[in-house]
Amino acid sequence: MQSYRPGALGAAGFGPADVAALRPGIVYVTLSAWGHQGPWAGRRGYDTLVQAATGIAREHGEWAGADGPRHGPAAAIDHSTGYFVALGAMAGLARRATEGGSHLVRVSLAQTGRWIDSLGRVDASAVVDPTREDVRDLIDSMPSEWGDLEFVRPAGALPTTPPWWNTPPPRPGAREPVWLPR
């Protein structure tokens, strides 16, 4: 998986075809900001730039009553694109398992933004924020150096490999960096 601008790794000999020749059967996932073809393909970008260029920031600013564009309160394009990257990688692996061969998956922030935009609008004034009690079943806790640390459980879990943390985050500088055994 890589997120360099289209063509950047190819110029260094690590494009999809180059890597497939070095490692037949690879699933090569490439993420770009603006797409892999077209006039903006070579531009750098990230979530907030895509929000600005696509009008999402302008619309959010209008909704918030601001004098100009405002970015959304969460990086929805980044997060959603990450899920598409994971889905594409899994689809590539499944296809390789049934058909063989190397596979290329292309994902872009701009296309994810377009998809999010296509979902329509919700009247935010009609949405009621959930209370702590409404989400209690989604919260877990563990002791930490700061006292009990509460956190939202991972959204997904597999029965034989549940996500877990063996220690909470330490205070900065509290521990020496070490390599953990595998």
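Quick notes
- Unmet criterion (only one of (1) part of a loop (DSSP other than H, G, I, E, B); (2) without any contact (Cβ under 8 Å) to a residue 24 or more places away in the chain) for Gly101: (2)
- The helices (runs of 4 or more DSSP H) found entirely in segment 1-82 that carry 3 or more residues being in contact with a Lys or Arg (Cβ under 7 Å, 6 or more places away or on another chain) are 56-64.
- Among the residues of this structure, Pro143 counts as one that is of a type outside the set (D, E, K, R) and not in a loop (DSSP other than H, G, I, E, B).
- Per the conditions (1) in contact (Cβ under 8 Å) with a residue 24 or more places away in the chain; (2) surrounded by 12 or more Cβ atoms within 10 Å (Cβ to Cβ); (3) out of contact with any Gly (no Cβ under 9 Å at 6 or more places or on another chain), the sole criterion not satisfied by Arg106 is (3).
- The combined condition, being closer than 30 Å to Pro154 by Cβ, β-branched (Val, Ile, Thr) and loosely packed, with under 15 Cβ neighbours inside 10 Å, is fulfilled by Thr98.
- Residues (in contact (Cβ under 8 Å) with a residue 12 or more places away in the chain and either surrounded by fewer than 10 Cβ atoms within 10 Å (Cβ to Cβ) or in contact with a Ser or Thr (Cβ under 7 Å, 6 or more places away or on another chain) (or both)) located in segment 152-168: Val152, Pro168
Since every read-out is calculated from the coordinates, none of them should be taken as a lab result. Being a predicted model, the structure only gives us computed values, none of them experimental. Counting neighbours? That spans all protein chains shown, and the Cβs are built from the backbone with ideal geometry, glycine included.
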